[in-house]
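Inspection log for the structure reproduced underneath, given as structure tokens.
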Amino acid sequence: MTHRQVLEALSGLLLALFVAMVSSTIVSTALPKIIGALNGTQTQYTWVVTATLLTATATTPIWGKLADLYNKKVLVQVAIVVFVVGSIISGFAQNTGELIAARAFQGIGVGGLQALVQVVIAAMIPPRERGRYNGYLGGVMAVATVGGPLLGGVIVDTSWLGWRWCFFVGVPVAVLALIVLQKTLHLATIKRDNVKIDYLGATLIAAGVSVLLIWVSFVDSSFAWASWQTAVMVAAGLVLLALAVWVEARAAEPVVPLRIVAQRTTALSILASLAVGMAMFGGAVFLGQYFQIGRGYSPTEAGLLTIPLMAGVLVSSIVVGRLITRTGRIKPYIVTGTIILVAGFAALSTIDHETSLVFVGAGMLLVGVGVGMSMQNLVLAVQNTVQLKDIGAASSTVAFFRSLGGTIGVSVLGAVLARRVTDNITHSLAAAGVQVPAGGEQTSNLNLNALPPAMQHIVRAAYGDATGHIFMLSAAIAVVGVIAALLMRPTMLRSTLDLSGPKPADPADPVAEHVGVQR
């Protein structure tokens, strides 16, 4: 494909990626009002986000494997259609249960778009040139994450629209992406005989991850850590994942190829992606709640206040993408990015409900810079070590673990936040001499307008003070990403689409990275 053809096709792919990302970010500032309107709980607040992440995570490796076997263009279009249907159903939800279910279905499409956009770009552009295009990817991510919260805030603050349009608004953009891709994306389909899809492995992975995440969400609130429910759910999750590894090691076409995962670069990139995903998604998803519940700002104002985070992503991803293309080196930028990410979360770990917004903004800027320098480039590092025929499985495997990290992060940090908020409120009420029936406060915490002024102040302080605690956990998690990045071997990005020969080049050999033929 010529440069012009690549840009034309890329425009459709970026539109699809944009609408998938907006579906999450547009909800971030609107969610407190949505859950308040539906009279939901803090656990349900977390699950509206977790449901999408969970299904996106579970289906990402399946989409990636399908991309290695079937027409990539058709798969992208199918993912867009699934996303559109899920968005429409979400908009018509009548209670939190229906919203969570609809968001779970929507997540199947999101998982497809997250995996397939990376796969298609990898099939069009060599790794070294891909650094420049990854800058465009980072720009779209930043625009989506900046525009999403702002748009969500404006929608819920506009009386004649209402929160349901947070889900409807992405539909026309997705349809436009579908049309653009139909006209511009032209990739050859490589026909393969005896195609087999590892449905058993995919099912076991999804089931094992789901059981553990459900346990994380309800432990310490519905049942104790040391209880028979904990024993059963943890044992079941671990057994399912162990069976999944056993199946993947023997499957003809494994969803997560262990031979790729076992490579040093891939294994360390997965570990770093897991940590970055846990820290980024787990921490950032609660920023909108911090500004609205903890600080008393409107959804629109909360969206504006998150701009430093997204500005950091935008600038760093574009600048670093061009530097990677110019130098061919990637490790120094990933290491620097993960260190900056830890520094940002460490700064945010000190905030409470009275912290200066300038300080909060500086912390968010550091987090954004760290994410922009590391997240997309971890995928690029893996793509550089595999053959074109395995690019789908390799890309989706990294995306899978990044989404898994995000899902775990949202679940764990959400559970920690809910527990800490409840303790803070209970302590403050006891200090004020107010008695509240057990369990009664959890349903109404997020609907501040229904609370008396004195209670509103207690709830705001509880959320504002508890948020810093979860950012401290995010910083600790992100340290794992730094360690993984430091252990990666320094390699040069190759300038060809595919590796030469039947086997991938040894990632330990920088010379081998340059040897290849364009197919």
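The values are calculated or read from the model by the stated rules, or taken from the named source; none is laboratory data. This structure is a prediction, so every number in the text was calculated from the model and none was measured. Because the Cβ atoms are built from the backbone with ideal geometry, glycine has one as well, and the counts that use them run over all protein chains shown. Surface areas here come from the heavy atoms of the whole protein model, side chains and all, with no ligands, DNA or RNA. Shrake-Rupley method; radii C 1.70, N 1.55, O 1.52, S 1.80 Å.
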Exercise. Quick one: which residues, 5 or more positions from Tyr297 or on another chain, have an amide H under 5 Å from its amide H? H modelled 1.01 Å from N in the peptide plane, none for Pro or chain starts.
Key: Gln292
Quiz item: How much of the accessible area of the range 283-434, probe 1.4 Å, is carbon plus sulfur, in whole percent?
Solution: 66 percent
Exercise. Using 0.36 nm per residue of separation minus the Cα-Cα distance, give me the extension gain between His457 and Ala267 in nm, one decimal.
Key: 63.7 nm
Self-check item: Stretch gain in nm, segment Ala430-Ser298, where the contour uses 0.36 nm per residue and the Cα spacing is subtracted
Solution: 44.6 nm
Quiz prompt | Extension reserve of the His3-Leu258 stretch, reckoned as 0.36 nm per residue once the Cα distance is removed | solution = 88.3 nm
Quiz item: So for the range 292-427, taking the charge dipole from beta-carbon charges (+1 Lys/Arg, -1 Asp/Glu), which of Thr336, Asn424, Gln292 sits furthest toward the positive end?
Solution: Thr336
Quiz item: Residue-wise, which Karplus ³J(HN,Hα) couplings in Hz belong to the range 86-93, taking 6.51 cos²θ - 1.76 cosθ + 1.60, θ = phi - 60°, and x for glycine or proline?
Solution: x, 5, 5, 4, 4, x, 9, 4
Self-check item: Accessible solvent surface per residue of the range 45-106, calculated while the other protein chains remain in place, 1.4 angstrom probe, Å²
Solution: 29 Å²
Practice problem: Report ³J(HN,Hα) in whole Hz for each residue of the range 366-372, in order, from the Karplus equation J = 6.51 cos²θ - 1.76 cosθ + 1.60 where θ = phi - 60°; Gly and Pro get x. | Solution: 4, 4, x, 4, x, 5, x
Quiz item: Which whole-Hz ³J(HN,Hα) couplings does the range 286-292 yield from phi under the Karplus relation 6.51 cos²θ - 1.76 cosθ + 1.60, θ = phi - 60°, glycine and proline marked x?
Solution: 9, 5, x, 5, 4, 5, 7
